[in-house]
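Participant: After the structure tokens below, expect a handful of questions from me.
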Amino acid sequence: MVDVVGETDFDAPISCLSHSTEHDLLALAREVEVVEGQLEVALSGIEERSDLARHVGSRLAAVRQRPACDHAFIMDFADVLRRRKAVRSYLPDPVPRETLERIVARGRKIPSAGHSQGLRLAVVTEEDTRRAMAELALEPEYVAGGLEPWISGAPAHVIVCVREEDYRARYREPDKTHGEEAEEFAWPVPYWWVDAGAAVMLLWLAALDEELACGVYGMPDEGWEGLRRLLGMPSDVTPVAVLTIGKEGKDTVKGSAKRGWKPLDDVVRWERW
């Protein structure tokens with residue numbers, strides 16, 4: 001795990017200051033973002049969130065409005081949603097480490113059952129490892145069928161994993177058992193899978209916010225076992241999906257993407273089925 005701490009540039013010019021409205025929590029005089037660690041926000045003298053509106057002069061600029069940043073312009077959330085698609089072609093340009101750190105720092109901020117935080121992420125950028133992962137995902141077969149070698153070609157891969165025991169241990173704690181001896185929680189829905197899906201989407205949107213393309217792939221059972229050995233994963237951590245991240249290559253729309261979206265009325269029910 002890597003701790004990444006970025007603090008406010010208090011010498012930034014006025015043009016770099018945020019013009020957010022009063023409810024914007026970027027009004028904090030100091031912001032610290034951590035990939036894995038204890039400290040997330042230091043208030044730097046601001047004791048109450050209700051005091052934020054009185055500290056207009058101390059507002060932070062959004063990260064990509066600061067000088068010497070490596071991002072492009074900020075995207076509106078609606079733009080992010082419109083741009084979301086599964087990309088199967090990437091440029092070879094490497095993704096900067098600091099960009100990947102922002103993506104995983106934001107992607108791990110998912111809700112989780114009981115705040116169990118059973119999510120685990122592994123980031124791979126080394127070319128030989130990416131090629132080995134592509135073989136485990138049967139990329140040679142896809143390429144033989146006329147598809148792009150997009151898995152090995154993506155410059156960054158993020159493996160989304162879960163640790164089931166984090167959830168089970170959390171629900172053995174007193175506030176979940178109400179201090180009584182109880183049988184193991186039955187988990188009619190295994191929420192570690194639900195949370196893994198939430199992480200996939202949040203990582204995807206975080207990558208798009210960095211103006212990067214994203215895709216997702218899985219593996220057959222023997223492929224996942226090979227991935228465990230390749231990366232030295234502990235036995236109690238289960239890989240669920242792999243996200244590919246990078247700059248989009250040539251625009252290709254094939255296969256499933258041509259199906260389009262079902263009508264909203266086929267998906268959404270109001271008040272009752």
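A short reminder: the numbers here are calculations on the coordinates, not readings from a lab. Owing to the predicted nature of the structure, the values given are computational and were not obtained by experimental measurement. Virtual Cβ from ideal backbone geometry, glycine too; neighbours counted across all protein chains shown.
Participant: Return 165, 248 ranked ascending by Cβ neighbour count within 10 Å, so the fewest neighbours appear first.
Facilitator: 165, 248
Participant: Another one. For the range 137-147, just list the computed ³J(HN,Hα) in residue order, Karplus coefficients 6.51, -1.76 and 1.60, θ = phi - 60°, integers in Hz, with x standing in for Gly and Pro.
Facilitator: 8, 6, 4, x, 5, 5, 5, 4, x, x, 8
Participant: How far apart, in nanometres, would the label points at residue 177 and residue 109 be if each is projected 7 angstrom from Cα along the Cα-to-Cβ direction?
Facilitator: 3.4
Participant: Sticking to Cα atoms, compute the Rg of the range 77-253 to one decimal and its Dmax as the biggest Cα-Cα distance, whole number, in Å.
Facilitator: 17.7, 60
Participant: Right, next: I need to check one value: relative contact order of the range 164-273, counting alpha carbon pairs closer than 8 Å and at least 6 residues apart, in percent.
Facilitator: Relative contact order here is 25 percent.
Participant: A further question follows. Just rank 84, 102, fewest to most, by other beta-carbon atoms within 10 angstrom.
Facilitator: 84, 102
Participant: Please list, in order, the residues from the range 199-229 whose amide nitrogen is less than 13 Å from a point placed 7 Å along the Cα→Cβ vector of residue 144.
Facilitator: none
Participant: Sort 143, 95, 242 by Cβ crowding within 10 Å, fewest neighbours at the top.
Facilitator: If I rank by nearby Cβ atoms, fewest first, I get 143, 95, 242.
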